[in-house]
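Report on the structure given below.
Coordinate-derived values only; no laboratory data. None of these values were measured; they are calculated from a predicted model. Glycine also receives a Cβ, built like all others from the backbone with ideal geometry; neighbour counts cover every protein chain displayed.
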Amino acid sequence: MKKYVICLLAFSVVIALALAGWLCYLSLRTDSQAEEKSAELAETAAEAAGEDLIAESGESEEAPAKSGADAEESGAAGGYQAVLLDGELRVYEETTGELIESLPAEDLWIPEVEEVRLREGISFQEDEELYQYLESLTS
């Protein structure tokens, strides 16, 4: 009988060690995922802070060279810039960098070609031109 008790205790210890090891594995896995997510959020926040600093200082990043239809839509100072960021279509005042409008992208119908252009940013010279474009995305 004494042998059975010793075997039962040994088995219990082995099970307890296996369970402890499994819990440690899960906690380390969760910690590494949390660190990745934290790093990703920090990077996003740094990008957003950089955009805010650029907007506040009045400086602007140079837009990529545009061709064809893009050249027609890009305008002089005083216009608007539509950009697709973080699942939102954001419209900024080009001269001040002030956020004018923010629309959830899931509420809009954006073709793939337009999505690529919006990620780069589309400039509009006049209000009417901007509103017609936005209306075409909502219908």
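In terms of the mean number of neighbouring beta-carbon atoms within 10 Å, the peptides 3-12, 102-111 order highest first as 102-111, 3-12.
Under 5 Å between amide hydrogens, built in the peptide plane, is the criterion, and for GLU101 it picks out VAL91 among residues at least 5 positions away or on other chains.
Protection proxy ranking for 80-87, 125-132, using the average of other Cβ atoms within 10 Å per residue and placing the highest first: 80-87, 125-132.
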